[in-house]
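The values are calculated or read from the model by the stated rules, or taken from the named source; none is laboratory data. Predicted model, so just to flag it, every value in this text is computed and none were measured. When we count neighbours, we look across all protein chains shown, and the Cβ atoms used for this are built from the backbone with ideal geometry, even at glycine. Accessible surface areas use protein heavy atoms only, side chains included; no ligands, DNA or RNA. Shrake-Rupley method; radii C 1.70, N 1.55, O 1.52, S 1.80 Å.
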Amino acid sequence: MTKIKKLPHKRLSFPPQEIQTLREQLETTSAGNIHGVLLSYTDWPFVRGDMYHWIGVLNRFDDILAKVCEEHGLSGFQTKAIDRDTQRMVVAILDFTRLLLENCINRNLYSSVERLDQLLNASDPEILEHTLRVVLRTAQRWSYQRDIKANLATISVRLTAIAEPWNVKKHLPALAPAASA
């Protein structure tokens with residue numbers, strides 16, 4: 001699992017109370033109930049924040065997504081169907097992650113690219129769409145960094161195959177070993 005290992009700066013101010021309350025809820029609510037907590041956050045209601053405030057939440061999201069990916073065999077093509085409750089939870093996590101990436105500074109802290117790569121193997125179109133939205137946000141972040149090649153290398157051949165559907169024959173040999181596994 002990819003944990004965020006950086007510590008907040010000493011000068012980091014405390015977040016507003018409503019952010020603190022939401023953070024505590026997301027860190028303590030059972031995984032199955034996260035969707036209910038995040039349901040009302042389709043838009044960002046807070047002032048521009050700092051990703052350092054969300055490290056605990058992002059690490060928890062990474063753990064939950066890792067478990068989903070493992071349980072449903074998403075290291076290759078999906079091997080087990082994703083039930084509706086799990087799908088709603090994953091979509092809620094991805095949507096909130098996208099909101100964090102759009103509305104917080106220090107976005108470079110986000111380190112769950114490996115989970116995004118695995119979620120690209122999901123057969124659920126809604127999970128795939130929301131994963132691509134987060135991938136887009138992270139790619140936009142990378143476009144301003146020097147090490148873009150290293151970061152983009154972590155996204156699989158699957159993303160390239162999805163992005164170029166008119167040229168799928170070119171990528172089919174690369175996808176075939178995963179299909180036979």
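All but one of (1) at pLDDT 85 or above; (2) under 16 Å from Arg115 (Cβ atoms); (3) in contact with a Lys or Arg (Cβ under 9 Å, 6 or more places away or on another chain); (4) open to solvent by 70 Å² or more (accessible area, probe 1.4 Å) hold for His72, so report the exception by its number.
For His72, the exception is condition (4).
Looking at Leu175, Leu99, Leu119, which one is open to solvent by less than 70 Å² (accessible area, probe 1.4 Å) and modelled with pLDDT under 90?
Numbers: Leu99 fails: modelled with pLDDT under 90; Leu119 fails: modelled with pLDDT under 90.
Criteria check complete, one pass: Leu175.
Within the stretch 37-69, track down each residue that is closer than 15 Å to Gln87 by Cβ and surrounded by fewer than 13 Cβ atoms within 10 Å (Cβ to Cβ).
Matches in the stretch 37-69: Leu39 only.
(1) touching a Ser or Thr at 6+ places or on another chain (Cβ under 7 Å); (2) closer than 21 Å to Gln25 by Cα: which one isn't true of Phe46, the others all being true?
(1)
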